[in-house]
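The values are calculated or read from the model by the stated rules, or taken from the named source; none is laboratory data. Not measured: the values here are computed from a predicted model. Here the Cβ is made from the backbone with ideal geometry for all residues, glycine too, and neighbour counts use every protein chain on show. Ligands, DNA and RNA are stripped out before the accessible areas are found, and what is left, the full protein with its side chains, is counted by its heavy atoms. Shrake-Rupley method; radii C 1.70, N 1.55, O 1.52, S 1.80 Å.
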Protein chains: 2
Amino acid sequence: MPMSMTKKKVIQIGVVSELTGLSERQIRYYEDRKLVFPDRSKGGVRKYSFEDIQTIMDIHTKLTNGYHTVELKRMLGC
Amino acid sequence: MPMSMTKKKVIQIGVVSELTGLSERQIRYYEDRKLVFPDRSKGGVRKYSFEDIQTIMDIHTKLTNGYHTVELKRMLGC
DNA sequence: CGTGTAAGGAATTCTGACACG
DNA sequence: CGTGTAAGGAATTCTGACACG
């Protein structure tokens, strides 16, 4: 039953921003586009996992390569 | 050069409190006693690693077993 | 000694919107 | 479309102190 560390949602957006080099705006936008799914604290603060950070960096790379968020969403279940 | 995830200081005290079941007061006290060494954000907010969380739980267990923080500090370099 | 708490301030995050295009 | 920004409020964290003992 213990969840692997990579999937534990414990990191706040400020740290994610530092680790990825992306703006909080970008990170929140990817969530808006249904590409990342952070948890929320009782107060509504977003919590990400290390896996989410990987995903976010991947999203940004693909956007840089010309993809659109809608296409990335389609690619999800593959 | 990449640091292992277990040592990345990215978790704030609120989450550490949830994961360990300890109060923030207790967690801060262990730092005061030089038993844990979180990083700090520019604004002074504490950031812990998964390894720190292990350490904190271990400290609390030992305190429960009758040890004192001073003794735990001595045990550190062994 | 190790921990609880009330106190006031500061850092961090949140949302919705306007902007560009 | 994807991202920047200013705006105001809310959640979270910080420190130093008093308390018990």
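Observations
- Cα-projected label distance for residue A:54 with residue A:69, points at 7 Å along beta-carbon direction, nm: 2.3
- Volume per residue of the C-alpha convex hull in the protein assembly as shown, rounded to whole Å³: 158
- Our estimate of slack between residue A:41 and residue A:24, defined as 0.36 nm per intervening residue step minus the Cα-Cα distance, is 4.4 nm.
- Here segment B:63-78 and segment A:11-78 have alpha carbon centers that stand 41 Å from each other.
- With coordinates expressed along the principal axes, the C-alpha atoms belonging to chain B extend over 35, 28, 20 Å, beginning with the largest.
- Counting, for every residue in A:40-50, the Cβ atoms of other protein chains within 10 Å of its Cβ and taking the mean gives 2.
- Accessible surface, chain B, averaged per residue in Å² (probe 1.4 Å): 64
- Area buried, chain A against chain B - accessible surface, total, 1.4 angstrom probe, square angstrom: 1000
- Per-residue SASA remark: residue B:24, around 70 Å² accessible (1.4 Å probe; ligands, DNA and RNA not included).
- Anisotropy class of segment B:1-45 from Cα gyration tensor, a/c 1.5 cut: prolate
- Taking the accessible area of segment A:5-55, probe 1.4 Å, and keeping the other protein chains in place, the carbon and sulfur fraction comes to 44%.
- Under 12 Å of direct C-alpha separation, and excluding same-chain neighbours fewer than eight residues apart, residue A:62 reaches these aspartates and glutamates: A:71.
- Counting only protein heavy atoms and using a 1.4 Å probe, the accessible area of residue B:37 comes to about 120 Å².
- Spin-label model, residue B:31/residue B:4: points 7 Å from Cα along the beta carbon direction are separated by 2.4 nm.
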